[in-house]
Amino acid sequence: MVRNIVTILIGLTLLVSVYTGVYRFVTSDAEEAMTAERPELEWLRREYQVTDEQFAEIRRRHEAHDVICKELCLGLVEAQKKLDVAISTSPQMGSGVAEALEAWSHQREICREAAIEHMYSISSVMEPEQAGRYRERIYRELIVAGRMPHIDDNGEFRDELIEHAAPVGGSHTADD
């Protein structure tokens, strides 16, 4: 009886040890990325095999763009609020709604242009093949889809789908 209990305990210990080892091995890349100084950029380093020198430049450009992005986002939030007020207080489409809609659309276009310029800036640091893959991914998954970091009402960056950042019609292709 004691021998069976000892065998079971040794088996369980071995099983837990193997599980822990496999778990740590499988999640080590993610853990390392999450403890990096800029975890939100680590995917880029790994996915596009950029050198440390390239990554430093990409990081510098991202940090510079964050300032621009925050300013543009605040403008988009303000334009969205004005459009919301105009629509909620106007019984019909009038000049107030049209002006607010035009300001909102214009700010949305400015944000999209800045995102595309930033995409090209980042890709210019990479090797040509990696740069092309990066541009295709960013354009399709972020810009066309409208998935861009933006500022919420509290002034904090949030990364989520925001329809007001998506291209008009939402189905542009690279040939458009």
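The values are calculated or read from the model by the stated rules, or taken from the named source; none is laboratory data. Computed from a predicted model, the values in this text were never measured in an experiment. Note that each Cβ is placed from the backbone with ideal geometry, even for glycine, and that neighbours are counted across all protein chains shown. Please note that ligands, DNA and RNA were not included when accessible areas were found on the heavy atoms of the full protein model with its side chains. Shrake-Rupley method; radii C 1.70, N 1.55, O 1.52, S 1.80 Å.
Just a few scattered comments:
- Looking across the range 103-133 at every residue that is open to solvent by 30 Å² or more (accessible area, probe 1.4 Å) and not in a helix (DSSP H, G or I), the one that is farthest from ARG60 (Cα to Cα) is identified as GLU127.
- VAL97 assigned to a helix (DSSP H, G or I), of a type in the set (A, V, I, L, M) and surrounded by fewer than 12 Cβ atoms within 10 Å (Cβ to Cβ): no
- Enumeration of residues in the range 71-94 that are within 22 Å of GLU113 (Cβ to Cβ) and open to solvent by 40 Å² or more (accessible area, probe 1.4 Å): GLU71, LEU74, GLU78, GLN80, LYS81, LYS82
- Flag if ILE143 is under 23 Å from ARG59 (Cα atoms), hydrophobic (A, V, I, L, M, F, W, C), modelled with pLDDT of 90 or more and not in a loop (DSSP other than H, G, I, E, B): no
- Any chance VAL22 is of a type in the set (Val, Ile, Thr), out of contact with any strand residue (DSSP E or B) (no Cβ under 8 Å at 6 or more places or on another chain) and at pLDDT 85 or above: no
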